[in-house]
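Structure first, commentary second.
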Amino acid sequence: MRVDDAQQADELQTWQREREDPVSPECPAVGSPARFDPFELESVMLNLDASLRIRARHQFFGWTQGTLQSLVEHQLLICALHSDAPAKFYVDSFSTVPVEPTHFSELFRQDVFLVPHLIKSWEENHNQVVNCEPGNGGQFAGSALARELTRLGASHIVAHGTHDATGQLTSFFTFACRPGSIGPRQAYYVELLVPFLHAAWVRTQVNWQAKSAGARPAVTGFLTPREREILEWIYRGKSNIEVGMILKISPLTAKNHVQKILRKLGVLNRTQAVGKALALRILTT
């Protein structure tokens, strides 16, 4: 064997070891290729096809909390889109369990323990899927997000992201699952599906109706200035009590405003209100 061939073989083995070895015992990278049986292949194809049809937030919710669960069973999906704004991430969460998704979105934005570690692990492992159990304490003991996920019974995290041509993080998707429900096969599904998740979720941020109608102005007139102000704080994940403290009104008054906002937008809860307000461009990302 020539020296050049031997050197190339050594470099290939080194790359393979780096791909397989975890960056830390608490958040190892995973992603072993999996061969599909006919049933799995059909499920994968159904999910890919479903992702291509998504244009609105409620469609994204229906896919991730419906068909996608057949491949990656999860209790909570946190989607983070990198931005240059001070908040750094635009975050949205999706779940069918009885939780307030905006609460977890805010915890994700504010977290300085678990989230940076997940992203760092992903970047240092050549952008491979990260598998993590933060509920065991240790360095994540100070993470409110880790504590809330443990309380939810979804302390097993599988995370993966996308990047631009310069290698910079574009989006990051965190699946919070029950312990033991995610193995190498499910992690491979996450690796396969995240580019489709990214494309589908970004499409939900586009106001297709406005574009097709010549970019009509945002519909804001049916909400009062106070209601729009409260809607902004809802978007930032604030509770009625927190809104009341910020605006110096009682929690009951804040609650009454929220109920009026829900009725005017024709939605059932705060999460839907934020989604509808983004679609109508009452709120902007």
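The values are calculated or read from the model by the stated rules, or taken from the named source; none is laboratory data. It should be emphasised that the depicted structure is a prediction, and the values quoted were computed from it without experimental measurement. Cβ: placed from backbone, ideal geometry, glycine included. Neighbour counts: every protein chain shown. SASA here: full protein model, heavy atoms, side chains in, ligands and nucleic acids out. Shrake-Rupley method; radii C 1.70, N 1.55, O 1.52, S 1.80 Å.
A few comments on the model shown:
- Single residue of the stretch 153-179 satisfying the filter (β-branched (Val, Ile, Thr) and in contact with a His (Cβ under 7 Å, 6 or more places away or on another chain)) that is surrounded by the fewest Cβ atoms within 10 Å (Cβ to Cβ): Thr170
- Residues (in contact (Cβ under 8 Å) with a residue 40 or more places away in the chain and out of contact with any Cys (no Cβ under 9 Å at 6 or more places or on another chain)) located in the stretch 141-158: Leu145, Glu148, Leu149, Leu152, Gly153
- Scanning the stretch 74-108 for residues being open to solvent by 60 Å² or more (accessible area, probe 1.4 Å) and more than 15 Å from His160 (Cα to Cα) gives a total of 7.
- The one condition in (1) open to solvent by less than 10 Å² (accessible area, probe 1.4 Å); (2) at pLDDT below 90; (3) touching a His at 6+ places or on another chain (Cβ under 7 Å) that Val190 fails to fulfil: (2)
- Against the numbered list (1) within 25 Å of Phe36 (Cα to Cα); (2) part of a strand (DSSP E or B); (3) out of contact with any helix residue (DSSP H, G or I) (no Cβ under 7 Å at 6 or more places or on another chain), Ala176 comes up short only at (3).
- Output for the stretch 29-50, where each listed residue is surrounded by 14 or more Cβ atoms within 10 Å (Cβ to Cβ), outside any loop (DSSP other than H, G, I, E, B) and modelled with pLDDT under 90: Ala29, Val30, Glu40
- Gly161 being in contact (Cβ under 8 Å) with a residue 24 or more places away in the chain and over 23 Å from Ala56 (Cα atoms): no
- Count of residues meeting criterion [hydrophobic (A, V, I, L, M, F, W, C), closer than 17 Å to Asp92 by Cβ and open to solvent by less than 20 Å² (accessible area, probe 1.4 Å)] in the stretch 51-72: 4
- Neighbours by Cβ (under 6 Å, 6+ apart or cross-chain): first from the stretch 248-264, open to solvent by 50 Å² or more (accessible area, probe 1.4 Å); second not small (Gly, Ala, Ser): Pro251/Asn240; Pro251/Ile241; Lys255/Asn240; Lys264/Phe222
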